[in-house]
Amino acid sequence: MFPHCRLHRQTRSCGSRRGNVTPLVAIALVVLIAFMGMSLDIGLAVIGAQRCQEVADASCLAGAQGLPNEDEAVALAQEFADANIRDKQTQQYTLTFDTRPEGEEIPDYGPAPGRGALEVTAARYVKYLFLPVIGFDGITVTRRAMAAHVVTGTCVCPMWISEGTYVEYGLQMDMHACDDPTCQSRMHGIFGWLDPPDGVDFDDALKGVLDPETEELCRYHEEDTVWNRPGQRAGQWMKDLETSSDSRLNRAEEYPWADDTFEEYHADNPRIMIVPFCEYTGGTGNNACFRITRFGAWWLEDCTKHGSNKKVTGRFIDFAKPGGTVLGIKPTHLLR
């Protein structure tokens with residue numbers, strides 16, 4: 001009987017271990033389900049925060065178009081949110097607005113641009129599904145965004161390029177000035193100078209350093225007739241584009257543009273030059289005139305002036321889209 005008894009004792013021992021594992025498995029399942037529930041609720045909070053960020057980004061980009069008028073900016077932001085929040089669930093979000101005047105320091109950006117900046121805060125209450133069993137009903141998630149309405153380069157550079165010139169994104173071009181505007185009809189790709197509108201200084205327009213009032217004067221429209229400014233003016237454009245302290249290339253070395261590249265840049269980088277495409281319509285010298293057909297944006301690469309080698313080198317970005325009847329390269333730009 002001794003062997004039988006020993007086998008009997010082993011059987012009882014194995015049965016006891018099985019009985020101990022069952023409650024452990026049950027506890028583990030409860031813990032696992034609890035963690036899955038917590039993960040789901042945390043995921044809901046993350047999704048809610050992402051939606052808040054989308055709402056804040058979109059509404060402040062829309063509202064910044066109304067700057068520097070603060071009331072108009074806030075109204076535009078709220079109107080956009082009401083019209084575009086997914087599933088028309090505007091009531092789920094609380095939007096608050098704040099404006100920053102020109103020059104006020106914005107963390108991680110620098111001074112607010114000339115038209116100021118608009119900050120939108122979007123908040124939303126996210127109700128938990130599982131955590132209420134341990135006393136947590138939900139959480140309010142909040143996200144912020146700030147945008148400015150900035151000018152890309154200057155309104156329009158007092159230059160022209162012949163309509164029909166082949167351009168494509170990234171194409172590097174010699175943008176040197178042309179003495180004889182009649183050659184525009186024969187040599188595509190030749191740039192020349194234009195007389196700026198009355199009340200606008202040529203050098204300031206070429207540098208892109210116009211004050212807001214003068215900037216409003218420096219508008220060209222499609223189908224406008226514009227007038228030639230003869231001569232290569234190498235010394236003048238070298239000063240305005242490269243050598244003077246407030247030239248385009250020198251200003252582009254300052255914050256926040258110093259690390260910009262052709263592929264990734266701030267919308268108001270001084271290197272960006274908006275130039276009209278024109279058709280030569282007649283005349284010579286100061287009386288030569290052109291008809292504006294459209295606008296293009298170039299990234300200013302370099303200036304060269306060695307003997308007879310005088311040129312402005314730029315890379316084509318895109319055709320500029322007029323906003324209404326005036327050049328609309330004044331995009332809203334997220335600052336943070």
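The values are calculated or read from the model by the stated rules, or taken from the named source; none is laboratory data. Computed from a predicted model, the values in this text were never measured in an experiment. Ideal geometry is used to build each Cβ from the backbone, glycine not excepted, and the neighbour counts take in all protein chains shown.
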>> Taking the conditions exactly as written (surrounded by fewer than 21 Cβ atoms within 10 Å (Cβ to Cβ), in contact with a strand residue (DSSP E or B) (Cβ under 9 Å, 6 or more places away or on another chain), closer than 30 Å to residue 240 by Cβ and at pLDDT below 90), does residue 110 satisfy them or not?
In response: no
> Among the listed residues 248, 291, which satisfies the condition of being closer than 22 Å to residue 109 by Cα, buried (at least 16 other Cβ atoms within 10 Å of the Cβ) and among the charged types (D, E, K, R)?
Replying inline: 248
> Does residue 246 satisfy being acidic (Asp, Glu) and closer than 21 Å to residue 171 by Cα?
Replying inline: no
> Within the range 168-185, how many residues are surrounded by 19 or more Cβ atoms within 10 Å (Cβ to Cβ) and modelled with pLDDT of 70 or more?
Replying inline: 3
> Residue check, residue 122 against (1) loosely packed, with under 15 Cβ neighbours inside 10 Å; (2) within 23 Å of residue 62 (Cβ to Cβ); (3) at pLDDT 85 or above, all met but one. Which one?
Replying inline: (1)
> Inside the range 213-245, can you point out the residues that are hydrophobic (A, V, I, L, M, F, W, C), in contact with an Asp or Glu (Cβ under 8 Å, 6 or more places away or on another chain) and either under 15 Å from residue 159 (Cβ atoms) or not in a helix (DSSP H, G or I) (or both)?
Replying inline: 226, 227
>> Considering only residues that are under 16 Å from residue 296 (Cα atoms) and modelled with pLDDT of 85 or more, which ones fall in the range 206-222?
In response: 206, 208
> Quick one: in the range 246-286, which of the residues that are of a type in the set (S, T, N, Q) and part of a loop (DSSP other than H, G, I, E, B) is farthest from residue 165 (Cα to Cα)?
Replying inline: 247
> Among the candidates 205, 234, which residue alone is in the same structural domain as residue 286 (by TED's automatic domain parsing), touching a strand residue (DSSP E or B) at 6+ places or on another chain (Cβ under 7 Å) and within 25 Å of residue 311 (Cβ to Cβ)?
Replying inline: 234
> If you scan the range 115-139, which residues turn out to be over 16 Å from the mean Cα position of the chain (by Cα) and among the small types (Gly, Ala, Ser)?
Replying inline: 122, 123, 135, 138
>> residue 80 - would you say it is at pLDDT 85 or above, in a helix (DSSP H, G or I) and either in the same structural domain as residue 51 (by TED's automatic domain parsing) or not hydrophobic (A, V, I, L, M, F, W, C) (or both)?
In response: yes
